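Asks: The structure follows.
Just so it is clear, none of the values below were taken in a lab; they were calculated from the coordinates. Just so you know, these numbers come straight off a predicted model, no measurement behind them. Cβ: placed from backbone, ideal geometry, glycine included. Neighbour counts: every protein chain shown.
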Amino acid sequence: MVIPHDGSTPAFSFKLPHFAVYFMLGVIAFSLVFVGSSFIYSSILTRKLASYHRAIAKNAEQQRLLDSFAEKTDKANNALLELEEKDNQLRRMLGLKNWKSKIRLSNEPKTLKLEKTKQVANELQLVDQKIKERQASLGDLKNWVGKIQARFANTPSIWPLNGHIVSAYGYRVYPWRGFHTGLDISGSYGSPIRVTADGVVKSVGWRTGYGKTVEVDHGFGKSTLYAHLSKYAVTRGQKVKKGELICYVGNTGYTTGPHLHYEVRTAGRAINPYRYLNLNILSASRVIGN
C-alpha cells in the first residue's frame, strides 16, 4: 500500500505474488554473491599480477647476474689462456715441455634456463681448477728455475780474464803442433784472473807444460783449469764464488809470452770453453749437463 504524505491523492495498494518476492530476493542474493566473488577474484588477480611482476623483475636480475658471471668467466678464460701461453713461452725458453690443459671453458651465450645456470656454475668451478693447474705449473717452473739457478752458479759462465782469444780450442800447428785443450786469452803480466763459477779449489801447483796451475771443482762433474800463472791467490780446498780473484797472469810452463790458458772439463775431459763464455741463465739451461 502506498499512502501520499499530503493526502492530496488517494492511497493505493498492490500485491506481489510470492514468486516475484523470491525472484527479487534471488536477484539481490546473486548480485551480492557476484559482487563479492568479483572482489575476491580481483584481489587474487592483483596479487598474482604483483607476484608475476616480481618474478619478471627477479628473472631480469638473475639474467643480469648470469650475464655478469658469463662475462667474468670469459675474461677469466682469456686471462688464463694468456697466462698459459706465457707459461709455455717460459717453458720453451727453459727447454721444458709445453703445459696443455685438459680443461676448456665454454663461450656460449647464457640464458635463464636451469641447465645454463648450472653450466655457469660448472664453468666457475672449471676456472678454479684451471687456476689450480696454473699454480701447479708455476710451482714446477719455480722448482726448475731454482735448480737452474743453483746449477748456473756452479756453471762456468763468465770470462776469467779481460782479453781476447789468441789461440782457440782444437787442433793447431803453432806454436806447438797438436790438439789444444783450452783457450789462450791475452793479458798483461800480473793481470787478475777470476774464477768462472762457484766451486772448491781442487789443486794449486806446478804441472808440466802448464806451469803454475789452479784447478777448481764446480760439482756436477764440471771443473775449470787456469794455467801459465805468475802467482796464486787461493789455496787447495778453499771455497770460491763466481767472479772471485784466484790467480794472476804469467808465462810459466810452455809459453811464448804472458797469457792465460783456460780449460773447462767435464768428468775430467776437456771440452770447448768457448760456449761457456758470456753464458746467461737461459742458455745455461740448455748446456747444463753437457
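Asks: Would you calculate the separation in nanometres between label points at H164 and F23, each defined as 7 Å from the Cα along the Cα-to-beta-carbon direction?
Replies: It works out to 13.4 nm between the two label points.
Asks: Could you calculate the contour length gain from K15 to N251, that is, 0.36 nm times the residue separation minus the distance between their Cα atoms, to one decimal place in nm? Write out the running numbers ahead of the final one.
Replies: Details: separation 236, 0.36 × 236 = 84.96 nm, distance 15.52 nm.
Fully extending the segment from K15 to N251 adds 69.4 nm.
Asks: Next question. Give me the number: length gained by fully extending K75 to R207, i.e. 0.36 nm times residue separation minus the C-alpha to C-alpha distance, one decimal in nm. Please list the in-between numbers first.
Replies: Numbers: separation 132, 0.36 × 132 = 47.52 nm, distance 6.68 nm.
Taking K75 through R207 to full extension adds about 40.8 nm, to one decimal.
Asks: Could you order the peptides 137-149, 28-40 from most to least packed, using the average number of other C-beta atoms within 10 Å per residue? Before the final figure, lay out the partial values.
Replies: Values: 137-149: 13.7, 28-40: 10.0.
In descending order of packing, they fall as 137-149, 28-40.
Asks: With a ≥ b ≥ c taken as the square roots of the eigenvalues of the C-alpha gyration tensor of segment 165-287, please select rounded if a/c is under 1.5 and otherwise prolate if a/b is larger than b/c or oblate if it is not?
Replies: Working: a/c = 1.60, a/b = 1.14, b/c = 1.40.
Cα axes put segment 165-287 in the oblate bin.
Asks: Using only Cα atoms, locate the centre of segment 147-207 and the centre of segment 14-67, then give the distance between them in Å, rounded to an integer.
Replies: 103 Å
Asks: I've got another one for you. With r as the distance between the Cβ atoms of V200 and N143 and R0 = 25 Å, compute the FRET efficiency 1/(1 + (r/R0)^6) and round to 0.05. Spell out each step's value before the answer.
Replies: Details: r = 26 Å, r/R0 = 1.02.
Calculated value: 0.45.
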